[in-house]
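Engineer: Structure incoming, see below.
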Amino acid sequence: MKKIIALSLIAALSALAGAASATTITFDSLEQAGKGLQGMPSYTENGYTLTGGSFASAQQNLTGWYFGSASLFNNIGDGVTTLAKNDGTSFDFDSIDLAPLATAFGSGATVSFVGLVHGGGTVNASYTMNSGYAFHTFALTGFDNLDSVSWTESSPYHQFDNIVLKSSAEVPEPGSLALLGLGVLGLGAVRRRKQGAAA
């Protein structure tokens, strides 16, 4: 009985911890030396998909475009990029690395994000890149429990990398809560039984 209770508690805690584990979309699979721009209609990595444009990835031999890591950009002016989880569940959008698209396009791009909150409503944030031709990390506060997040590729244009996401853990699954409750009740019963035996 004690083993069953202990295992139930461990399973529930593992489920709750797993629900909040972070995932980073790095675009590392696109990294190729000696390649120019790679075009694609969408991009999928780690259970998430980017859609809404003709995406391209700057590669190592593209001087003035490549800032040390394979990245992605929407190759349509004013194209809207949308990110969503493949299984349709909600997620938290924690941060993203942004850089100017290329030295030829200038710097100072402002990128505005719109998150669609699960159950209704939106969250918004904008970031301006004004510190040269390199990637900088921008944290998105309050972009939690989202069905999707979108942003627009507008002049002077930008590229993005290292998107950090988490499965939403605002409301644990009922099964996880039940297991956790069973484990806590069971441990309480064992403790009372030990105290009664000691008396």
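Engineer: Any chance segment 51-61 includes a residue that's crowded, with 19+ Cβ neighbours inside 10 Å, touching an Asp or Glu at 6+ places or on another chain (Cβ under 6 Å) and under 20 Å from His136 (Cβ atoms)?
Structural biologist: no
Engineer: Only one residue in Gly88, Gly64 is closer than 23 Å to Lys35 by Cβ, of a type outside the set (Lys, Arg) and open to solvent by less than 60 Å² (accessible area, probe 1.4 Å), so which one is that?
Structural biologist: Gly64
Engineer: Something else now. What are the pairs with Cβ atoms under 6 angstrom where one residue, in segment 81-104, is farther than 18 Å from Asn162 by Cβ and of a type in the set (Gly, Ala, Ser) and the other, located anywhere, is open to solvent by less than 10 Å² (accessible area, probe 1.4 Å) and at pLDDT 95 or above? Sequence gap at least six, or different chains.
Structural biologist: Ser90/Leu146
Engineer: A further question follows. Residue check, Ile76 against (1) open to solvent by less than 40 Å² (accessible area, probe 1.4 Å); (2) under 19 Å from Phe113 (Cα atoms); (3) touching a Ser or Thr at 6+ places or on another chain (Cβ under 6 Å), all met but one. Which one?
Structural biologist: (1)
Engineer: Within segment 98-121, can you find the residues that are open to solvent by less than 20 Å² (accessible area, probe 1.4 Å) and under 24 Å from Gly142 (Cα atoms)?
Structural biologist: Leu98, Ala99, Ala109, Val111, Phe113, Gly115
The values are calculated or read from the model by the stated rules, or taken from the named source; none is laboratory data. Since the model is a prediction, treat every value here as computed from it, not as a measurement. With ideal geometry, Cβ positions are generated from the backbone for all residues, glycine too; neighbour counts draw on all protein chains shown. Note: areas computed on protein heavy atoms with side chains; ligands, DNA, RNA excluded. Shrake-Rupley method; radii C 1.70, N 1.55, O 1.52, S 1.80 Å.
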